[in-house]
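The structure appears below as structure tokens.
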Amino acid sequence: TSSMHDMAIAHKDGDIEYKMDPEQFNGVYGTVVSSVNDMVFMYVGIFDSICGLFNDLSEGNFKTEIVDLPGKSSVLSSAAKNVQKSLFDVNHEIDDLAQGAISGNLSFRIASENYKGDWKTIFDGLNGVLESISVPILEASDILLEISKGNLRKKVVGEYEGDFLLIKNSLNKTVDELSSYIGEISE
């Protein structure tokens, strides 16, 4: 029992590779110690497998194979599959958003209401980023269309900062300059 106690303490302290020596025991006791070692190391193997899986997922390998565990330990493989599916779905959503933006579809948004918790927060943030980019671009596009029709009275009126403010000011200055030139030509 002292060997079993030593093993329990070692595992509790994090030394999950600690084994009892079955050769220290005679007959059936050695067999029992071997069986206990095998049972404990079966769980250590499951632990190592799950850790490897989560390391794969954390490195972006969302298609890593998840082995179904037997019996009640299947809750671990089931939970791991749920995490894997969630990461795969998130990756797909973000890829769709990026492809939409790359192809010029500035109206595409992720349906963040289909997600919970931090996933929803992340998707709301990404949608917000795309919204903050698309609004000034669409307004500038509308002004350019009006200029092409000869309407020099419309200007960019949205409240913008940074590079978008530069675009606003440049476009409005262009409208003013064109309007001034047209006025001079008319005189």
Completion exercise
Placing one equal point scatterer on each C-alpha of the chain and summing with Debye, one gets log10 I(q)/I(0) at q = 0.14 Å⁻¹ equal to -0.93
Problem - Residue among 62, 47, 25 with the largest mean-square fluctuation in a Gaussian network model of the chain, springs linking Cα atoms under 10 Å - result: 25
Fill in the blank from the handout: Of every Cα-Cα pair in segment 106-174, the percentage lying beyond 18 Å is 49
Fill in the blank from the handout: Once phi for every residue in segment 117-129 is put through the Karplus expression 6.51 cos²θ - 1.76 cosθ + 1.60 (θ = phi - 60°), the whole-Hz ³J(HN,Hα) values, with Gly and Pro written as x, are x, 5, 4, 4, 4, 4, 5, 4, x, 5, 4, x, 4
Practice task
Could you give me the percent of Cα pairs per 10 Å distance bin for segment 144-186, shortest bin first, beginning at zero and ending with the bin that holds the maximum distance?
Solution key: 29, 49, 19, 3
Practice task
Please report, in debye to the nearest 20, how large the charge dipole of segment 65-160 is about its Cα centre when each Lys and Arg carries +1 at its beta carbon and each Asp and Glu carries -1 there.
Solution key: 180
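Averaging sequence separations of C-alpha pairs under 8 Å and six or more residues apart, then dividing by the length of segment 76-187, give the relative contact order as a whole percent. Don't skip to the end; give the middle numbers.
Values: 53 pairs, mean separation 16.5, N = 112.
Relative contact order, segment 76-187: 15 percent.
Once you charge only the Cβ atoms, +1 for Lys and Arg and -1 for Asp and Glu, what is the size of the charge dipole of the chain about its Cα centre, to the nearest 20 debye? Don't skip to the end; give the middle numbers.
On the way: 15 positive and 30 negative charges, 112 e Å.
Dipole magnitude for the chain comes out near 540 debye.
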Exercise for the section: State the answer as a single residue: which of 91, 141, 160 lies farthest towards the positive end of the charge dipole of segment 69-161, with beta carbon charges of +1 for Lys and Arg and -1 for Asp and Glu, about the Cα centre. Expected result: 91
Practice task
At 1.4 Å probe size, with every protein chain present, just tell me what the per residue accessible area of the chain comes to in Å².
Solution key: 69
Problem - J(HN,Hα) series, segment 170-185, from Karplus relation 6.51 cos²θ - 1.76 cosθ + 1.60, nearest Hz, glycine and proline x - result: 5, 5, 5, 5, 4, 4, 4, 5, 4, 4, 5, 4, 4, x, 5, 5
Practice task
Find which of 34, 121, 8 sits farthest along the positive direction of the dipole of the chain, computed with +1 on the beta-carbon of Lys and Arg, -1 on that of Asp and Glu, about the Cα centre.
Solution key: 121
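The values are calculated or read from the model by the stated rules, or taken from the named source; none is laboratory data. Just so it is clear, the model here is predicted, and its values are computed rather than measured. As a convention, Cβ positions derive from the backbone with ideal geometry for all residues, glycine included, and neighbour counts pool all protein chains shown. Accessible surface is based on the protein model in full, side chains and every heavy atom, while ligands, DNA and RNA are left aside. Shrake-Rupley method; radii C 1.70, N 1.55, O 1.52, S 1.80 Å.
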